[in-house]
Each structure stands twice: as structure tokens, then as C-alpha cells.
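Report on the structure given below.
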Amino acid sequence: MGNIDNPRIWSGATVLVAPVGTTAPTDIASSFSGTWLDIGLVGDDGISLANEADTTKHYAFGGQKVRTSKSKFEKQFKFVAIEYGQTVFDLLHPGSTVASAAGITTRTVKRPVPNPKAFAIELVDGDVTRRLIIPKGEVTETGEIKLNDDEMDGVEFTVDCYEGDGNVWFYEISDDPQAVVS
């Protein structure tokens, strides 16, 4: 029988980025160092995590399915950043430049360059915290940005997680009682 205290509704979400190789906390109590930059508020659709793989079904003569194989595995996450600060600008336009003087900022948007980053996602539900640490990922898609008077400005990002040593895409750290292994 299930436990009604186990389902989570994450009331808080933070997405952080840092240079690849930046040390991340290995527990829930430790803070992210100053090199980890918060992207700001995340849109109300939250963060979605996706698993992708090509699946091939193999059949014996006569049509009997005998095996299924998978290849080309992918993990990615999506979120909408609803603040347009420097961190979001750098993710959206890698390789571009920014200059500010006397309260005026000029952003020069250039052709994007490869920009792998370390990412972290922190989710909170009451006194339960869940952190996903992605040692290496990259923004591979950005959504259309609508600038109008009836929708909130936001930038949708799709981040592909790159597989690292030991076939690791990310680490999950949680103080959720239901995640405890006996």
C-alpha cells in the first residue's frame, strides 16, 4: 500500500551553471560556491527531464519478437528562464559580449560558439531537497522568445547531458526518506 507523504510537488526550483569541472556540493547542507551562477526564476511549467533512445525490435522468421535492443541513449532537461540577466544571456548567446556604462548596457549578439557547462538543479518540497548535478551539458536548443503585452517574457532552454566517465549523465543527491536504500 502506498504512502500519501511520498509524492512530491516541488515548490521551489533553482537552475545553476558553472564551468565544466567546477566542484559541486556532495550533500544537501553545503552551499554552491560562488562560481555556480543562478539563472534566476524558472517559469511555472518547471523543469522537465527526458530520456531518449533508439529502440530496435528483432524478430524471428514468422514474426515472433525475440529481442529488443536500444542505442543512442540521451538525457536532457528543459526549463524556461523568466529573468534575462547575464547568466541567461550567456546561455542564450554563447560567445557574445556585454558592456555597461552609466546605467546603459549594450549586448552584442554574435554567432554562437560551443559552450559546455556544468549544471545543477535544486528542487524543494517542504523540508525535502533533491539536487541533480550534471557535470557536463550544453544548451542545444532554445525556444522562440515572444515579446508582447500579454505573455511573460521567457527563454526556453533544452540542455543535453553529456555522458562522462563510467557512463554517468548526472548525480542525484536527496534527503527524501523514500530515496534511502536499506
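The values are calculated or read from the model by the stated rules, or taken from the named source; none is laboratory data. The structure presented is a predicted model; accordingly, all values stated were derived computationally and were not measured. Don't worry about glycine lacking a Cβ; one is built from the backbone with ideal geometry, like all the others, and counts go over all protein chains shown. For accessibility, only protein heavy atoms count, side chains too; no ligands or nucleic acids. Shrake-Rupley method; radii C 1.70, N 1.55, O 1.52, S 1.80 Å.
Quick notes on this one:
- A single entry from Glu141, Glu156 fulfils the requirement of being surrounded by fewer than 14 Cβ atoms within 10 Å (Cβ to Cβ) and in contact with a strand residue (DSSP E or B) (Cβ under 6 Å, 6 or more places away or on another chain): Glu141.
- Test: residue in region 30-47 that is without any contact (Cβ under 8 Å) to a residue 40 or more places away in the chain, among the charged types (D, E, K, R) and open to solvent by 80 Å² or more (accessible area, probe 1.4 Å): yes
- Scan region 137-161 for residues that are at pLDDT 95 or above and in a loop (DSSP other than H, G, I, E, B) and the total you get is 0.
- Test for Leu91: is it under 18 Å from the mean Cα position of the chain (by Cα), among the hydrophobic types (A, V, I, L, M, F, W, C) and assigned to a helix (DSSP H, G or I): yes
Rundown of residues vs (1) in a strand (DSSP E or B); (2) open to solvent by 80 Å² or more (accessible area, probe 1.4 Å); (3) at pLDDT 95 or above, yes/no style:
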{"residue": "Ser69", "(1), (2), (3)": "yes, no, no"}
{"residue": "Lys72", "(1), (2), (3)": "yes, yes, no"}
{"residue": "Gly95", "(1), (2), (3)": "no, no, no"}
{"residue": "Pro112", "(1), (2), (3)": "no, yes, no"}
{"residue": "Arg131", "(1), (2), (3)": "yes, no, yes"}
{"residue": "Pro135", "(1), (2), (3)": "yes, no, yes"}
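- Restricting attention to region 48-67, the residues that are under 13 Å from the mean Cα position of the chain (by Cα) and either open to solvent by 80 Å² or more (accessible area, probe 1.4 Å) or aliphatic (A, V, I, L, M) (or both) total 3.
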